[in-house]
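Okay, so here's the structure we're looking at.
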Amino acid sequence: MAGEHARLLIPGPVDVDDNVLEAMAEPVRAHYGDDWLAIYNEVVDHLRQVFGTENDLFLMPGPGTAALDAALGSLMRTGDKVLVARNGFFGDRLAAMARSYGLEVRHVSAPLGQPIEPGAVRRALAAGPGIEAVAVVHLETSTAVLNPVERIAAAAHDFEVPIIVDAVSSLGGVPLPVDEWDIDVCVSVANKCLACPAGVAPISVSQRAWDQMERKGERAHGWYLNLDVWKDFADNWASWHPYPTTQPTNVIYALLIQLRCIMAEGLDAYYRRHVVAAQSVRDGLRRLGFEMFTPDAYASPLLTAVRGLPGMDVEDLRRYLLEEWQVMVSGGLSELRGKLFRVGHAGRAASQEYVDQFLAGVEAYLRLRGYDVAPVQDEG
């Protein structure tokens, strides 16, 4: 088995279908011209359906971090106050990004494995006049918690404050209707729930967000990661180059192939894949004696966070799965390192084939290490 590709059951990147990989291998296209613009515009149109938005939508080359940087740096200026929701590693990271722009970060927090309470957001906004934006991670992938973004957005708008949503690990995998939930800036990526290679970060921007940027006046943070620059090119260069930089054309073409498949299947059916995979994994792990870190009521169907069994070396389990079963799962982050492992359900990890191989590998590990377990599947 040495040298085989490890099956990715991690939060991202994910294993993608062969037709998407074949699209990546096509000859390189120029990032302008009529043929290319037809591809680009079709991708944007499909993404508007996934986002559920009529807002401006850009394809920003780079990781989701770049688009989050753009959101924070464009809506606010040094010294502005931002309220960041924190209930895990990526909420903390969002706060660190905000501080890097010289923003004054206020916090609303929840314990690890628990969602942010919209009421806590309201109280923080009432207690902190002058807050210019709320920023929240939709799927906190360090714990698998899916935060109640719809109600958090409603709380923000009751105080006339725009909301920035990090949907890097959630959009395309669970419903996230941007316009219905009144989300001002929504950031995602191609390489997680949309099941494509990394390289592009879609970002949607509402009129409320543009109005705030206009009130802020002259640009203060960067050029490439400044949303005003992107809008200028989208408005004034639309006929041939509606973006300020070279586009990763093969990645975007591969994304088009995948989006066509998603649309043909239907978004609801596509979402359902993840629910089924998550339930299969959790049922199997519970049968083997494991406890989920995050209660099912708050857990995303895109990721499962699992506590190690008492006395278990979680990193030993992860090594065994990778070396003996060619299955890669993620470990815990920060203070959760060594305490839990995380199993992704996006891309090909949502297939029964991947689920079965993962569960068989875990069962084999437990038997090898002397645990008394019932089989996940009937033997014979």
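A compact table of results
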read-out	value
Order of Met97, Met60, Met312 under a 10 Å beta carbon neighbour criterion, fewest first	Met312, Met97, Met60
GNM result for the chain, Cα springs below 10 Å: residue of Gly217, Gly102, Gly284 fluctuating most strongly	Gly217
Gyration tensor (Cα) of the stretch 193-344, equivalent ellipsoid semi-axes in angstrom	41, 20, 17
³J(HN,Hα) computed for each position of the stretch 82-95 - Karplus, 6.51 cos²θ - 1.76 cosθ + 1.60, integer Hz, glycine/proline x	10, 9, 10, 7, 10, 9, x, 4, 7, x, 4, 5, 4, 5
Whole-Hz couplings from phi, Karplus 6.51/-1.76/1.60, listed for the stretch 250-260; x for Gly and Pro	5, 5, 5, 5, 4, 4, 4, 4, 5, 5, 4
Whole-Å semi-axes of the ellipsoid equivalent to the stretch 1-93 (Cα gyration tensor, √5λ, descending)	30, 25, 13
Between 0 and 90°, nearest 10: helix 227-236 axis offset from the chain longest Cα axis	70
Among Ala156, Ala346, Ala120, residue whose mean-square fluctuation peaks in a GNM of the chain (springs only between Cα atoms under 10 Å)	Ala120
For the chain, built as a Gaussian network whose Cα springs stay under 10 Å, the top-fluctuating residue of Ala85, Ala38, Ala124	Ala38
Tail fraction, Cα-Cα pairs, the stretch 265-380, threshold 24 Å, whole percent	21
Convex hull volume per residue for the stretch 274-331, taking Cα atoms only, in Å³	90
Translational diffusion of the chain, µm² s⁻¹ [Kirkwood Rh, Cα pairs; Stokes-Einstein; 25 °C; 0.890 mPa s]	114
Cβ-Cβ FRET estimate between His5 and Asp182, R0 fixed at 45 Å, reported to 0.05	0.60
Principal axis box of the stretch 117-236, alpha-carbon based, largest edge first, Å	39, 37, 24
About the Cα centre, charge dipole magnitude for the stretch 19-262 (Lys/Arg +1, Asp/Glu -1 at Cβ), debye	740
Principal-axis tilt of helix 352-368 within the chain, Cα atoms, nearest 10 degrees	50
The stretch 49-74-the stretch 246-325 distance, computed between alpha-carbon centres (Å)	24
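We did not get these values from a lab; they are worked out from the coordinates using the rules stated. Keep in mind it's a predicted model, so treat the numbers as computed, not measured. Cβ: placed from backbone, ideal geometry, glycine included. Neighbour counts: every protein chain shown.
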